[in-house]
2 protein chains.
Amino acid sequence: MIAQMAQAGRAAQRILARMDDPAKARALHAAAAALREDEATILAANALDVAAGEARGLTGAMLDRLRLDSSRLTGIADAVDAVAELPDPVGQIIDSTTRPNGMKLQRIRIPVGLIGIIYESRPNVTADAAVLCVRSGNAALLRGGSEAVHSNRAIHAALVRGLAAAGVPKAAVQLLPDQDRALVGAMLAAAGEVDMIVPRGGKSLVARVQADARVPVLAHLDGICHSYVHSSADPDMAVELAHNAKLRRTGICGAMETLLLDAAFPASHRVVADLLDAGCELRGDARAQALDPRILPASAEDWDTEYLDAILSVAVVDGLDEALEHIARHSSGHTDAIVSDDDAVRERFLAEVDSAIVMANASSQFADGGEFGLGAEIGIATGRLHARGPVALEGLTTYKWQVRGSGQARP
Amino acid sequence: MIAQMAQAGRAAQRILARMDDPAKARALHAAAAALREDEATILAANALDVAAGEARGLTGAMLDRLRLDSSRLTGIADAVDAVAELPDPVGQIIDSTTRPNGMKLQRIRIPVGLIGIIYESRPNVTADAAVLCVRSGNAALLRGGSEAVHSNRAIHAALVRGLAAAGVPKAAVQLLPDQDRALVGAMLAAAGEVDMIVPRGGKSLVARVQADARVPVLAHLDGICHSYVHSSADPDMAVELAHNAKLRRTGICGAMETLLLDAAFPASHRVVADLLDAGCELRGDARAQALDPRILPASAEDWDTEYLDAILSVAVVDGLDEALEHIARHSSGHTDAIVSDDDAVRERFLAEVDSAIVMANASSQFADGGEFGLGAEIGIATGRLHARGPVALEGLTTYKWQVRGSGQARP
């Protein structure tokens, strides 16, 4: 079944790849309009999912992620319109050269092909992921969470109707049937048929996909983000950035999970007191504990833990090298930041920390495609190849070489 | 053992990543000098391999690939010097933007990390692959063929001595011990420790690596390259390019394996006669066979066969669409070319054929990093992600985001 869906998706993608920028933009606007037209149908389908979730005893947070209302659905449709307005990466020329024999070479961006998206309860992903794929000329195979099955089907039906009215083949966006769990495994194994898998959801989903996939996976597993406060840091800035990086939202992958305070930084007690006063639990090494009696002892596991909560591990380090060493050992390669007024120290940190995103004098909570000006994101990747950090339309493209000659034979 | 070697390699890579362009260039020149100094040792080691190969009954072609002499070794050392002179991709700024809040964002190229190279009998790969990795700031784990074990050890020892004299840690280039075959499997499974695998060798090696690897693989399996001669093609150019694409060297991956002749092209008989006269075996469909009585019938498998020999499959097609359809079905995604005097037809071909390299009015035998002006190549990739076509230094890099702020907290 995956082979058939993949074949249909690939055939649809070849047609999509030939559509120009305005045609794809029109199709996405039509999809947004169809979502708005189908509001009653989509909300009714969502009510079935919410009722089933309540009956199954889903937590309040899970039900909240699942629930749609008129305002949330408008937000989903508006996001589709916004993606339609983003610049089309397909056809962009990466570089061009002319060889001494007169051959002209260009590398141009093309769609990746057929992209599988595996996601959990939020039904908005059905629209978000599908339209990012279509905008960049890719076909999508969607596999949503079983809790949102009715919502996903209704959103998918609206999207496909809108896209098809504007000339996008229906198989450009396919929703896997919910019943057959083996299909996920088949999709993960479909090397050569599916070109890339993007898991969107919690750590257990991502870990399972990474373990089982034979297809390239674009994802991050953990966001164990560090902030290092150098001795030269402006104390007010250090307090504000530590507070923001940890507490603005504790549940996002760019939230700080470990604070490294330089032993020579004179205002460390202010940074930790601010966090403690705001209700954050701090777990420190012995030197950090000496800063404030409210700091609990950290265990060895704390340095490798993504809390996603108002909990923070804190260590005191002796200088930049020790901070770099701690980060090299414990970072998940997502986002690591420094606060420093010393230009040379900042630049060494930015050069030597090997994470997808490295920041100086800014909150790690900026690690987001929208904040980076990408307009949207399919996810944040911590793998080393293809695309890293916030991945938007460009990360859903690859390139090919075009060679224009005038009869050159190779000597 | 792989875990220990990978750990040592990663530690060495972190040091290498901090070396600047001139330091890496100096180290490669030192490695080239060491290869020249060790000529007697390396040729003596190679003589052991050649004698063992003769005793084991290796074919003449295999012995030729294995054999080194003073001139070949000089060529290897010269190639190392040439890579030293290539521009360093590390630190190049891919793009930069300033956000409305004043944060400056840049994407800069960084090394991929630790790269595993698995190769067959040619001992020159030990030097070629290692220095491309080092030039781009990567550490290398080399696994050569057992036929070349003494040669590889001697070349590796010279390389490492030269590199180390210029400050590159010895573990930046490690040669896997030859005895333990399980190490290859362990390297292929070492996701998170080895960042990328490049197999260099025949199809069975590449297929095995692709099937077993849990680490991203940069490779091509087949080069089933097509040339399509459109009705508008200049007859002389068509004859010359078909001849060159097939016969200049039949054993390289960019050699044409299938010729598509448009039914409306008036000089098809000249193209096939030229190839037949030159001793090429042609296997055609019924319409192609009608062009010349010497053309043998093609079987269904011929359209999916990489001959790497003076054999060519030939089909007659009705127009561009049928040519595109044939290529979409049978191309291995390596290099496909058109010969045409019609600009619109050429541009449609270049846009719609989805291979790593698409060419108009040039021989597919140009599919090569040196011919593309890249100075060298680690290989040609037909996968869809990361790097495609000829892969040189840039393909051995990835990027990270650097964010420079002035105290921005996220609202």
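The values are calculated or read from the model by the stated rules, or taken from the named source; none is laboratory data. Everything numeric in this text was worked out from a predicted model, so none of it was measured. Positions of Cβ are generated from backbone atoms using ideal geometry, with glycine treated the same way; all protein chains shown enter the neighbour counts.
A few notes on this one:
- Pair list, Cβ < 8 Å and 6+ apart or interchain, from segment B:310-328 residues that are touching a residue at least 40 places away in the same chain (Cβ under 8 Å) and acidic (D, E) to residues that are buried (at least 16 other Cβ atoms within 10 Å of the Cβ) and not in a helix (DSSP H, G or I): B:D318/B:D262
- Counted residues, segment B:367-411 - those being farther than 26 Å from B:H226 by Cα, part of a loop (DSSP other than H, G, I, E, B) and in contact (Cβ under 8 Å) with a residue 24 or more places away in the chain: 1
- Whichever residue in segment B:129-185 is farther than 20 Å from B:A51 by Cβ and of a type in the set (D, E, K, R) and, among such residues, is surrounded by the most Cβ atoms within 10 Å (Cβ to Cβ): B:R135
- Count of segment A:197-216 residues which are touching a helix residue (DSSP H, G or I) at 6+ places or on another chain (Cβ under 8 Å) and either of a type in the set (S, T, N, Q) or farther than 30 Å from A:L247 by Cα (or both): 5
- Residues being among the β-branched types (V, I, T), in contact (Cβ under 8 Å) with a residue 40 or more places away in the chain and assigned to a helix (DSSP H, G or I) - total across segment A:176-220: 2
- Selected residue (criterion: farthest from the chain's Cα centre (by Cα)) from residues of segment B:242-251 that are basic (K, R) and either part of a loop (DSSP other than H, G, I, E, B) or modelled with pLDDT under 95 (or both): B:R248
- Residues in segment B:81-109 that are closer than 25 Å to B:V125 by Cα and exposed (fewer than 15 other Cβ atoms within 10 Å of the Cβ): B:E85, B:P87.
For (1) part of a loop (DSSP other than H, G, I, E, B); (2) of a type in the set (F, W, Y); (3) closer than 18 Å to B:I252 by Cα; (4) not assigned by TED's automatic domain parsing to the domain that holds B:P235, each residue gets a yes or a no:
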| residue | (1), (2), (3), (4) |
| --- | --- |
| B:V271 | no, no, no, no |
| B:R283 | no, no, no, no |
| B:P293 | yes, no, no, no |
| B:E306 | yes, no, yes, no |
| B:D309 | yes, no, yes, no |
| B:E322 | no, no, no, no |
| B:H326 | no, no, no, no |
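- None of A:R26, A:R18 is modelled with pLDDT under 95, over 25 Å from the mean Cα position of the chain (by Cα) and either in the same structural domain as A:C133 (by TED's automatic domain parsing) or of a type in the set (V, I, T) (or both) except A:R18.
- Scan of segment A:252-279 for residues that are more than 14 Å from chain B (Cβ to nearest Cβ) and within 26 Å of the chain's Cα centre (by Cα), ordered by number: A:E257, A:T258, A:L259, A:L260
- Leading residue by the ranking (surrounded by the fewest Cβ atoms within 10 Å (Cβ to Cβ)) among those in segment B:329-362 that are part of a helix (DSSP H, G or I) and within 7 Å of another protein chain (Cβ to nearest Cβ): B:E352
- Flag if B:A233 is over 27 Å from B:I380 (Cα atoms) and part of a helix (DSSP H, G or I): no
- Condition met for B:V317 (at the interface with another protein chain (Cβ under 9 Å from one of its Cβ atoms), at negative phi and either touching a strand residue (DSSP E or B) at 6+ places or on another chain (Cβ under 7 Å) or not aliphatic (A, V, I, L, M) (or both)): no
- The sole residue among A:L16, A:L48 that is touching a His at 6+ places or on another chain (Cβ under 6 Å) and within 21 Å of A:A158 (Cα to Cα) is A:L48.
- Entry remark, segment B:32-80: residues being among the β-branched types (V, I, T) and surrounded by fewer than 18 Cβ atoms within 10 Å (Cβ to Cβ) number 3 in total.
- Scanning segment A:190-207 for residues that are surrounded by 14 or more Cβ atoms within 10 Å (Cβ to Cβ) and closer than 13 Å to A:I118 by Cβ gives A:A190, A:V194, A:M196, A:I197, A:V198, A:P199, A:R200, A:G201, A:L205, A:V206, A:A207.
- The residue that is nearest to B:F366 (Cα to Cα), among those in segment A:363-406 that are within 7 Å of another protein chain (Cβ to nearest Cβ) and small (G, A, S), is A:G405.
- Residue identified as under 24 Å from the mean Cα position of the chain (by Cα), modelled with pLDDT of 95 or more and assigned by TED's automatic domain parsing to the domain that holds B:Q210 among B:N124, B:N152, B:N101: B:N152
- Of all residues in segment B:77-96, at least one satisfies being among the polar types (S, T, N, Q), under 30 Å from A:G370 (Cα atoms) and more than 22 Å from the chain's Cα centre (by Cα).
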